[in-house]
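Here the structure is laid out as structure tokens; the discussion comes afterwards.
The values are calculated or read from the model by the stated rules, or taken from the named source; none is laboratory data. As the structure is a prediction and not an experimental result, all values here were calculated from the model. All Cβ positions, glycine included, derive from the backbone under ideal geometry; neighbour counts span all protein chains shown. Surface areas here come from the heavy atoms of the whole protein model, side chains and all, with no ligands, DNA or RNA. Shrake-Rupley method; radii C 1.70, N 1.55, O 1.52, S 1.80 Å.
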Amino acid sequence: MKSIHSLVFGVFSCVATLACAQMQMAKAVNQPIATLAAGAVAPDFVMHDIHDQQVRLSSFKGKVVILDFWATWCGPCIASMPHTNAIATKYADQEVVVVASGTSDTIAMFKKWIPANQAKYPKLKFVFDPNERGSTTFEQRASSKLYGVTGIPTQFVIGRDGVITATIVGNGGEEDARTEAALAKAGVKVEAARVVAGERQLKAAAEEEADRLAAVEAEKKNPKPKFREGFAQLQRGLPVPDFTAQAIDGSAVKFSELTKGKTVVLMVCSARGARPDDMVAFQDAWARRYADQGVLFVELASYGSRADFDKYHAPAAAKLAYPVLFDPAGAPPKPPKESMEEMTAEDKKAFREANRAHYSKVIPMAFSGGAMAPVPNNVVIDAQGKFLGFYVGSGPQSAESLGNLLLRAGVKLKPEDMPKKIFSAEETKEKPPEARVAMLKLGAAAPDFIATDATGKAVKISDYRGKVVILDFWATWCGPCIASMPHTQEVAAHYKNQGVVVLASCTSDDRKKFDTWVKRNQAQYPDINFSHDPQERGPDRASHKLYGVGGIPQQFIIDRDGKVVALVTGYLKGEAILDAALAKAGIKVDAALIAKGAEDLKQREAMR
């Protein structure tokens, strides 16, 4: 089951839910400190503005500061700025300031982005950390070393006394009241309703973090493999494709010729920045240690320009015990406008097509059959050129995966490199792909099935016969599903007097996670009836077996006679597709919304 991401940018899109799923930046393997929390004193540090003037956090002493860590490459960071600017404007008369401290990016990008966008966000004080990505001092950046940030956007609300009142990871837009609740803790006068909502959200976030930490501890006691025996078309025991990259001197290097007869560890990284020293040292040490057993490490720098490669990777290559290659596909196309909102449908379609053409040539994606993985990632190949396994990450934290896969290749590891747990083939065996089921067609009778609500009560579609049902398949792990819920709640509330009900059926998810999520969030969505499919991820789950759903969120509009009259796939902010779909079930919908819904569908089609 996949989540349906943005329909605009296709192959490389990401959805801004509450945070970047993973921070796409090089970072130290061992985080020096835990993320600072409420009660800690905010460390002072030096930032620069675009005129290279130093700005210290202590310069804002006596004010209430929202310290907002961001980067130009972080979509969720940029998406959060209108909301953060609105907060800064709302509370400016109470001496609240937002210090938007850029991190984990290049100075050149900050100096380009800030002047181009400052006018949109006049209340944000834009600065950046001089320890830029790719520099020798990158690990000294304040976000990581002093504040323990592991993902952005992350905000720290700091009182006039310099003490943090709350740490806020991610930003949910207008509905997210956490920052305002934190401001209230710092003595700022905030509307009571916003404080209550924000306190509830802060509590939910704290509980989720506690669950995450508990899962980490459970993982330590019963570790699971971090490597896979299959990734897209790469499958254990099958030959890997060949490719041609560029050497340091620009000459062509055929992968099959370079690696013939070797056990290979192919590490894919971003060309757009230097790898942390500890990761490079780890890989170099293993390359030297096992070269006499025919093990060859190969670094492939992709997703960036030759200039990036020459700046960040080429200088150190001569000192390493393994070859460093460049992906000649180069850097991806640049969008014609600064933001998606400024792009026309034609712009978006052309940009999408340009990206499709580009990414079809990117070596890691062509190598895997079209799949993109976080970087750095690694492919281990045996001496016969056959795929052994794949894992994400690099450096000391990847030793368990690397060790297991080299053992499978017949390499004799030194005692200090032996994995803590050696996984059997049965433990890491890939599940066969699930058989496809055709999506339920318009006009078909909606199949009935039994789910259970948060109280354990059985819930069926037939319970709502005579009403118009929005059957919404979702999961707690699905960011786009959660992002669509405020809109679905608005629709449910607006049309409930006409007999419209929303049955949100949680699919491909665990019961415990469902119960926890509903307990924390039901109050935000009073007109949505949440239920859970007890088949969970099994092949008999209703979304798959009965409705043929291959990605979520997916909504089926079911009329009063139990017939499916419309499908709504995914949601983009501002769309009226769901409203227009209800009209097909006989619901009275404003003509302007019906027209807008039709136009939204045309826009989607134009962007395919």
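Surface composition of the range 347-386: carbon plus sulfur atoms contribute 51% of the solvent-accessible area (1.4 Å probe, protein chains only, all chains present). All other residues with a Cβ under 12 Å from the Cβ of P223 taken together, and with Lys, Arg as +1 and Asp, Glu as -1, what is their net charge? Its environment carries a net charge of +2.
Placing +1 at every Lys and Arg Cβ and -1 at every Asp and Glu Cβ, with all other atoms neutral, what dipole size does the chain have around its Cα centre, in debye to the nearest 20?
640
K496 contributes an accessible area of around 100 Å² to the protein surface, as traced by a 1.4 Å probe with all chains present. Tally Lys/Arg at +1 and Asp/Glu at -1 over every other residue whose Cβ is under 14 Å from the Cβ of Y312; what's the total? With Lys, Arg at +1 and Asp, Glu at -1, the net is -2. When peptides 256-264, 227-235 are ranked by their average number of other Cβ atoms within 10 Å per residue, the highest-first order is 227-235, 256-264. In whole percents, the pair-distance distribution calculated for the chain from its alpha-carbon pairs, binned every 20 Å from zero, is 17, 48, 32, 2.
Take the residue pairs K226/K545; K61/K185; K512/K573 and return only those whose Cα atoms are more than 20 Å apart.
Table pairs above 20 Å Cα-Cα are K226/K545; K512/K573.
With each label modelled as a point 7 angstrom along the Cα→C-beta vector, the A38-R289 pair spans 4.5 nm. Annotation: extensible slack from E191 through A371 equals 60.1 nm (criterion: 0.36 nm per residue apart, minus Cα-Cα distance).
As a calculated quantity, the FRET efficiency between K563 and K513 at R0 = 41 Å, using C-beta atoms, amounts to about 0.80.
Using +1 on the beta carbon of Lys and Arg, -1 on that of Asp and Glu, and nothing else charged, what's the dipole of the range 167-280 about the Cα centre, debye to 20?
Numbers: 18 positive and 18 negative charges, 88 e Å.
Around 420 debye, computed over the range 167-280.
With 0.36 nm allotted per residue and the present C-alpha distance subtracted, the E208-S360 stretch has 50.9 nm of extension available.
Eigen-decomposition of the gyration tensor built on the alpha-carbon atoms of the range 20-176 gives equivalent ellipsoid semi-axes of 21, 18, 16 angstrom, largest listed first.
Which order do peptides 218-225, 242-249 fall in by mean Cβ count within 10 Å, highest first?
Order by mean packing, descending: 242-249, 218-225.
Just the number please: accessible area per residue for the range 236-309, 1.4 Å probe, all protein chains included, in Å².
It amounts to 42 Å² per residue over the range 236-309.
Partners of K348 within straight-line reach, counting aspartates and glutamates whose Cα lies under 18 Å from its Cα and excluding those fewer than 8 residues away in the same chain: E338, E575, E599, D600, E605. Take each peptide in 384-394, 130-140, count the other Cβ atoms within 10 Å of every residue, and average; sorted highest first, the result is 384-394, 130-140. Element breakdown for the range 529-603 at a 1.4 angstrom probe: carbon and sulfur atoms account for 53% of the accessible area.
What does the net charge come to around V195 if you take all other residues with beta carbon closer than 12 Å to its beta carbon, with K and R at +1 and D and E at -1?
So the environment of V195 carries a net charge of +2.
In the range 411-506, taking the dipole from charged Cβ atoms about the Cα centre, the farthest positive-side position among Y495, V459, A445 is held by A445. At the residue level, L567 shows approximately 60 square angstrom of accessible surface with a 1.4 angstrom probe and all protein chains present.
In terms of accessible area, using a 1.4 Å probe and ignoring ligands and nucleic acids, D44, D347, D579 rank largest first as D44, D347, D579.
Which value, in Å², gives the accessible area per residue of the range 386-545 when a 1.4 Å probe is used on the protein heavy atoms?
49
Can you pull the one-decimal nm distance between simple spin-label points at T89 and A252, each 7 Å off the Cα toward Cβ? So the label points at T89 and A252 sit 5.6 nm apart.
Computed with every protein chain present, the accessible area of L146 is close to 60 Å² [probe 1.4 Å].
As a length-normalised measure over Cα pairs under 8 Å and 6 or more apart, the relative contact order of the range 448-533 settles at 39 percent. Straight-line cross-link reach from K111 at under 21 Å between alpha-carbon atoms covers these lysines, not counting any fewer than eight positions away in the same chain: K120, K123, K125, K311, K334, K337.
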